[in-house]
1. How much net charge surrounds Pro86 when only the other residues with a Cβ under 12 Å from the Cβ of Pro86 are counted, with Lys and Arg +1 and Asp and Glu -1?
2. From the helices alone, meaning DSSP H stretches of at least four residues, give me the mean residue ellipticity at 222 nm for the chain, per-run term -39500 (n - 2.57), in deg cm²/dmol to the nearest 500.
3. Rounded to the nearest 5, what is the percent of antiparallel bridges among the DSSP beta bridges in the chain?
4. I'd like the carbon and sulfur percentage of the solvent accessible area for region 8-196, probe radius 1.4 Å, heavy atoms only, ligands and nucleic acids excluded.
5. What ³J(HN,Hα) values, in whole Hz, does the Karplus curve 6.51 cos²θ - 1.76 cosθ + 1.60 give for region 97-108 when θ = phi - 60°, with x put for Gly and Pro?
6. Considering only the other residues whose Cβ falls under 9 Å of the Cβ of Leu129, what net charge follows from Lys and Arg at +1 and Asp and Glu at -1?
7. If I fit a long axis through the Cα atoms of helix 16-26 and take the longest principal axis of the Cα atoms of the chain, what angle between them do I get, 0 to 90°, rounded to 10?
8. Please list the equivalent ellipsoid semi-axes of region 55-198, computed as the square roots of five times the alpha-carbon gyration tensor eigenvalues, in descending order and whole angstrom.
Amino acid sequence: MRRLAPGRLVLATHNAGKAREFAALLAPHGLEVVSAASLGLPEPEETGETFAANAALKALAAARASGLPALADDSGLEVAALGGAPGVRTADWAMLPGGGRDYGAAMARIAREDASAERRCAFVAVLALAWPDGHVEHAKGHCEGHWVAPPRGTLGFGYDPMFVPDGEARSFGEMAPEEKARFSHRARAFAALAARLP
Ligand code: IMP
């Protein structure tokens, strides 16, 4: 296991919702966090077939381009009755032909296609911490739950308003960021990565 030295860390995401959650998770570690956007780094195409491959691809691209260690997340929603879809295609399900994103339409598609009574699904996040020499450390987090329709709440981002974690009555869209962080796939993956951080 390789540990990260104190200093600058590139947050290799162009997703504002993820960036907010990582800023809170990284705050206690005393790193100087810089965003990929502020360094003018391009957003690489996610050509991998797994969360781990896409997370590594994003972190390595940022680490090599900046000469600094970089942290990336690839995440998504796996719906049990849909064989784990949309999975690595979760962002694509919200993509509009013109280039924008419509999460309302993506959530409605899940509600239309999943005819099961249980509505089981899980959020999954795989983190990749990469160094400019090509070394990568991975960590994974899961959050099990079920989906609700219509979506509930206006907090969070992406598919949060349709996801209710096990043991809770509220959706992630109805939870303040620190409450979501008690359950979330991203917070759990981050906890698994924390041994590598200063
Ligand atoms: P990617 O990791 O950039 O490929 O995209 C992840 C996709 O999953 C995006 O569409 C996100 O909106 C969605 N997603 C990942 N994590 C969360 C979350 O914590 N809440 C809601 N949606 C999420």
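The values are calculated or read from the model by the stated rules, or taken from the named source; none is laboratory data. Model, not experiment: these values are computed from the prediction. When we count neighbours, we look across all protein chains shown, and the Cβ atoms used for this are built from the backbone with ideal geometry, even at glycine. Only protein heavy atoms, including side chains, enter the accessible area calculation; ligands, DNA and RNA are left aside. Shrake-Rupley method; radii C 1.70, N 1.55, O 1.52, S 1.80 Å.
1. -2
2. Dividing the helical sum by the residues of the chain leaves -8000 deg cm²/dmol.
3. 80 percent
4. 55 percent
5. x, x, x, x, 10, 10, 6, x, 5, 5, 5, 5
6. Cβ neighbours under 9 Å give a net charge of +1.
7. Helix 16-26 sits at roughly 60 degrees to that axis.
8. For region 55-198, the semi-axes come out at 28, 18, 13 Å.
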